[in-house]
Structures are given as C-alpha cells and as structure tokens.
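In what follows, a single structure is set out as structure tokens and then discussed.
The values are calculated or read from the model by the stated rules, or taken from the named source; none is laboratory data. Since the model is a prediction, treat every value here as computed from it, not as a measurement. Methodologically, a virtual Cβ is constructed for each residue, glycine included, from the backbone with ideal geometry; neighbour enumeration extends over all protein chains shown. Each accessible area value is taken on the protein alone, full model and side chains, heavy atoms only, with ligands, DNA and RNA left out. Shrake-Rupley method; radii C 1.70, N 1.55, O 1.52, S 1.80 Å.
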Amino acid sequence: DAKTTQPPSMDCAEGRAANLPCNHSTISGNEYVYWYRQIHSQGPQYIIHGLKNNETNEMASLIITEDRKSSTLILPHATLRDTAVYYCIVRVETYSTLTFGKGTMLLVSP
Amino acid sequence: DAGVTQSPTHLIKTRGQQVTLRCSPKSGHDTVSWYQQALGQGPQFIFQYYEEEERQRGNFPDRFSGHQFPNYSSELNVNALLLGDSALYLCASSPDFGRGLQETQYFGPGTRLLVL
C-alpha cells in the first residue's frame, strides 16, 4: 500500500473548519483513501473514505486532488470533542489490512 | 445495534504468563482483525480471521495466536508474555462482500494489557 505523510500536529479554534492534509504521492489507481480518528485511549473511529471523487457524510468531507496525490479531510465546524489523532490510510483492495502511521494530532481549542 | 465489543477492558499479567482477549463483532460482520497499539504509536496489524480460519497475518511471532468461533466472535491468545507486549489490543470487524468490493473495518474500544 502507498505511504502517507501527515503533519504531526495541528490546532483549530472551536467552530472553525479544520482542514487536515495528507500526501500520498505514490498512490495507485485502485487504492482508496481512508480516514480514521482516535480519541485518547479509545478505539479508532471510521470517518470517511474515497477513491477519486470528493465525498461527504455526516461527519466530514473528503477532498481528493485530481492527480490523487493528496487529499484533505474537512471537519466543517470543529468542536472540542473533535480533538483526536487523525489517521490517513491508503488501502489497495478488499481484505487488505489497515496500515496506520503516526497520524495528525488535532487540538481544538475554545 | 451493538458495535464491536471487547473484554476485558483492562488486564494486568506478569512476564511468562498467558492471556486471552475476546471480541464480538458488529452485527452482520463475519470478519475479525486484531491490532496491537503500543503507547504513542499507530495500531499494527496482527492477523485477520474469516470463516474460522486465519486469512492474513502481520509480522508477529507465533506466541500470538487466535481463533474464530461459528458465531464470528474471536479470541486473541498471547503466550509467554514479555514486557513489550504491554499495549492496547484492538479488534476490528467488517463484512465480507467478496473480492473487488471495499469493506470498512469498525473498531472496538480495545483491551489495555499491562505486563509486569
């Protein structure tokens, strides 16, 4: 699976949009981009995934660049409860495992 | 609809002992994966079970073994515990749609194991 690069930490003010970047420059055409987050000492929580089109659900939006070499997870109105480590994962096919990096620690402040 | 559940939540063992951790998958899921998460690191894949067989395995020694039951629940066993086995052990379940279709893994809350 392709390797991903994320900033180690980011800050966001409560109520503002949080934009978390991820680089995956070696991504292949059949690889999906997945986002999970992990609130302190809990299990990772699935957020969203996509292949090449932008995706939106009740939690977040995923914007994938046209060349698919990078993506951005957008939390439109961050709250204190969104403080967590966010993992961007590139996954090649069904049954493939999730390879976690160190992720981005997002701190949402009042 | 209950999500993925794991037991126990916390466990303390001593070096050389054996431990069994348990996982019940989300309703409708038949595939269970186990991950180990050391402090400050991302989760690392241990193995995955489907149809009561180990389908994939990560880079973990044979001291780590597992089992899946006909009701899709699963156990993770670790023998001859080492201090370095102290970690959060995560179970994730997913449905099997067949090859070619993406399925999403959903995680349980984890079992925190401390080896003294």
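Quick notes
- Dipole of the protein assembly as shown computed with +1 at Lys/Arg Cβ and -1 at Asp/Glu Cβ about the Cα centre; of B:G16, B:C91, B:Y35, farthest Cα towards the positive end is B:G16.
- Protein accessible surface hidden between B and A, which excludes ligands and nucleic acids, total in Å², probe 1.4 Å: 2000
- Label-point separation, B:E103 to B:E51 (7 Å along Cα→Cβ), nm: 1.2
- Overall, the accessible surface of the stretch A:1-101 at a probe of 1.4 angstrom is composed of carbon and sulfur to the extent of 48 percent.
- Taking the inverse of the mean 1/r over every pair of distinct Cα atoms in the protein assembly as shown gives a Kirkwood hydrodynamic radius of 18.2 Å.
- Backbone phi angles across the stretch B:19-32, fed through the Karplus curve with coefficients 6.51, -1.76 and 1.60 (θ = phi - 60°), yield HN-Hα couplings of 9, 10, 10, 10, 9, 10, x, 5, 4, x, 9, 10, 10, 10 Hz in residue order; Gly and Pro are listed as x.
- Applying the Karplus relation 6.51 cos²θ - 1.76 cosθ + 1.60 with θ = phi - 60° to the stretch A:55-72 yields 3J(HN,Hα) values of 10, 9, 9, 5, 9, 6, 10, 10, 10, 10, 5, 4, 7, 6, 8, 8, 8, 9 Hz, where x marks Gly and Pro.
- Per-residue 3J(HN,Hα) values for the stretch A:44-54, derived from phi via the Karplus relation 6.51 cos²θ - 1.76 cosθ + 1.60 with θ = phi - 60°, read x, 10, 5, 10, 6, 8, x, 9, 9, 8, 5 Hz in sequence order (x marks Gly and Pro).
- Simple label model, 7 Å out from Cα along Cβ direction - B:D62 to A:K3, nm: 3.3
- Amide H to amide H, with H built 1.01 Å from N, A:Q45 comes under 5 Å of A:R37, A:Q38, A:I39, counting only residues 5 or more places away or on other chains.
- Cross-link partners for A:K3 among the lysines, with Cα-Cα distance under 28 Å and sequence neighbours closer than 8 places in the same chain left out: A:K52, A:K69, A:K102.
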